[in-house]
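Have a look at the structure below, then the notes.
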Amino acid sequence: MTKKVVIFAFIVFGLLKVKAQNSDLQTIKTEMVMKSYQSNKAWKQINALLPADFQIKENNLPHEELWDWKGNKIHLDRYPNPNAEYRVFLHHGVGTNGRQMNMILGHKLAELGYDVVAIDNLGYGMTEVNQKDITYDDWIHCFADFVNSETKRDYKKPVLYGLSAGGMICYNSACFMDEVHGIVGMCFLKNDNKTVGIETAKFGWSNWFAFPVMGFLNKIGFKRIKLPMKVVSKMNLLVNNKNALAILLKDKASAGASVQLQFLYDYTHYKLPIPVTEFDKCPILLTQPEKDDWTPLRLSEISMKGIKAPFSIKILKDGGHYPIEETALQQLLQYVDEFIKSLNKNTSH
């Protein structure tokens with residue numbers, strides 16, 4: 001009997017060991033499959049510089065997920081709420097990423113009861129790209145496809161929020177969405193407008209010959225050459241805090257990222273799928289930071305002149321381009337919440 005017990009014990013121990021090894025293998029496999037913000041120090045350093053009430057705590061981290069888009073592993077930062085009426089989709093600009101969107105707005109909207117998800121578009125954040133060519137048009141359709149997919153998968157009324165370049169990305173992508181109830185942007189820039197192009201580029205005075213050269217290089221096979229965004233844009237004006245700026249500029253997942261030449265050319269020459277004078281899919285809110293020296297209010301006013309859809313503007317006191325100032329963040333949360341609540345009074349979409 002004792003011998004049988006010993007044999008049985010060895011068998012059980014062996015099975016438990018195999019199970020543990022399989023579990024370890026599964027964990028390793030999961031880590032290999034998905035890049036995580038656990039490996040990114042920049043967001044934690046920026047998080048520590050935010051007002052205490054806006055810092056993401058360890059017990060309130062977003063759920064990290066992957067969404068497959070044409071073989072690319074699109075990273076998502078999600079705060080799910082099965083009981084929410086609205087799902088807010090957050091899109092970064094060319095100097096930020098999805099986690100940084102959740103830091104200043106996403107997790108606070110989740111506290112108010114909204115379903116929230118932030119996307120890392122191709123080449124940014126923790127998304128893994130498995131295609132050779134990346135264009136601005138890819139960004140537009142990736143985001144549009146994601147919103148359409150999410151809305152079909154688990155219906156909630158979609159509202160879009162975009163920071164910096166993310167504002168017009170939300171607008172352009174909305175043109176290809178089956179349903180959208182509202183758009184909020186930190187700015188809306190029509191980049192093929194000469195004034196906008198000159199004032200937002202690092203060496204805007206050179207656009208008259210730089211763009212033809214870029215177009216030529218695109219055509220003769222140099223379209224995949226990568227350029228750091230901080231070299232061609234005013235990334236030095238991304239945030240009005242020197243410590244935060246230094247961190248972001250070194251972060252390859254955000255302000256330190258590089259883009260292909262064809263992306264940059266497409267970005268600066270993109271034609272709106274629906275002109276603003278014809279766009280009436282949903283109301284639009286501009287939340288303009290008061291002390292944004294990169295994309296001041298007048299550039300959004302130029303870009304959105306004659307907009308057909310209901311269009312309103314709110315100024316974020318003391319806020320920089322990527323706002324981390326307490327008053328600006330409080331107002332951003334308040335204005336976005338008020339805007340979404342007002343959508344119930346507007347049935348057009």
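Bear in mind that the values in this text are calculations on the coordinates, not laboratory data. Predicted, not measured: the structure shown is a model, and the values here were computed from it. So basically every Cβ, Gly included, is an ideal-geometry build from the backbone, and we count neighbours across all protein chains shown.
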* Full-extension gain in nm, Ser149 to Glu326, via 0.36 nm per residue minus C-alpha separation -> 60.3 nm
* Starting at the first residue of region 119-131, write each ³J(HN,Hα) from the Karplus equation 6.51 cos²θ - 1.76 cosθ + 1.60 with θ = phi - 60°, in whole Hz, x for Gly and Pro. => 9, 9, 7, 3, x, 10, x, 9, 5, 9, 8, 10, 10
* Asked: What order do you get for 126-138, 104-116 when each peptide is scored by the mean count of other beta carbon atoms within 10 Å, highest first?
  -> 104-116, 126-138
* To do: Please list, in chain and number order, the residues 5+ apart from Val184 or on another chain whose amide H is under 5 Å from its amide H, with Hs placed from the backbone.
  => Leu160, Tyr161, Gly162, Leu285
* To do: Determine which residues of region 63-80 fall in the zone a paramagnetic label at Leu112 would reach in this model, i.e. backbone nitrogen under 14 Å from the point 7 Å along Cα→Cβ.
  => none
* Structure fact -> Listed by chain and number, the residues whose amide H is under 5 Å from that of Val239, excluding neighbours fewer than 5 places away on the same chain and using placed H, are Tyr322
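Among the listed pairs Lys44/Lys291; Lys57/Lys314; Lys108/Lys230; Lys308/Lys345, which have their C-alpha atoms separated by more than 22 angstrom in this model?
Numbers: Lys44/Lys291 24 Å; Lys57/Lys314 29 Å; Lys108/Lys230 29 Å; Lys308/Lys345 18 Å.
Result: Lys44/Lys291; Lys57/Lys314; Lys108/Lys230 exceed 22 Å.
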* Label-to-label distance, nm, for residues given as Ile274 and Ser312 (7 Å Cα→Cβ offset) -> 2.0 nm
* Mind checking which aspartates and glutamates have their Cα closer than 20 Å to the Cα of Lys317? Skip sequence neighbours fewer than 8 apart in that chain. => Asp53, Glu290, Asp292, Asp293, Glu301, Glu325, Glu326, Asp337, Glu338
